[in-house]
Amino acid sequence: MQVLQVQLEVGPDPAEVGRARRWARSRLAGSGIRDDEPLAETLVLLISELVTNAVVHTGCPAVLRMLFAAGGGVRVEVADTSACPPQPRHAEGDDTNGRGLELVDGLADRWGWQPEGVGKSIWCEVDPVVPASAVSPLSPARVRC
């Protein structure tokens, strides 16, 4: 399987999240995923959440990686130097934080984390979008709206 990997070093500053989103949009466009496609919007939101978590909760620099599979799937990884595992939380009512990993869980097809060097890498994968017109009623392919 052929995979293209690109990466961006992210500083330990919340302003870096916006830079990571802009960088991701340009790399998605370069891979053929248009900015107005639901897949691009989903990936940018996932990247925003994972980079925000890394920067805010660890205070450490991070590395954002995007891996583009030949079949159209995309894997996003954010590695940081904190060995502390991610702590999913459940936000209540008007809470202003605590929803990041819930969003990742709801939007990604798969996600997880693994130790990496002295820190960890949190990853998520989004499968290629299959147009509704290309899916037969018996097909197991996933359709995104």
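Keeping to the range 98-117, report how many residues are touching a residue at least 40 places away in the same chain (Cβ under 8 Å) and open to solvent by 60 Å² or more (accessible area, probe 1.4 Å).
1
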Looking at GLY72, GLY59, GLY93, which one is modelled with pLDDT under 95 and closer than 20 Å to GLU9 by Cβ? GLY59
Just to be sure I understand the filter: pairs with C-beta atoms under 7 Å, separated by 6 or more residues or on different chains, first member in the range 3-26 and within 19 Å of GLY73 (Cα to Cα), second member open to solvent by 70 Å² or more (accessible area, probe 1.4 Å). Which pairs pass? VAL6/ARG27; ARG25/ASP35
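Residues are listed down the side, and each one gets a yes or a no for (1) surrounded by fewer than 23 Cβ atoms within 10 Å (Cβ to Cβ); (2) under 12 Å from the mean Cα position of the chain (by Cα):
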position: GLY32; (1), (2): yes, no
position: ASP35; (1), (2): yes, no
position: GLU41; (1), (2): yes, yes
position: LEU46; (1), (2): no, yes
position: LEU50; (1), (2): no, yes
position: VAL56; (1), (2): yes, no
position: CYS60; (1), (2): yes, no
position: ARG65; (1), (2): yes, yes
position: ALA69; (1), (2): yes, no
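The values are calculated or read from the model by the stated rules, or taken from the named source; none is laboratory data. For clarity, every value in this text was computed on a predicted model and none was experimentally measured. As a convention, Cβ positions derive from the backbone with ideal geometry for all residues, glycine included, and neighbour counts pool all protein chains shown. Surface accessibility is based on the protein's heavy atoms, side chains included, excluding ligands, DNA and RNA. Shrake-Rupley method; radii C 1.70, N 1.55, O 1.52, S 1.80 Å.
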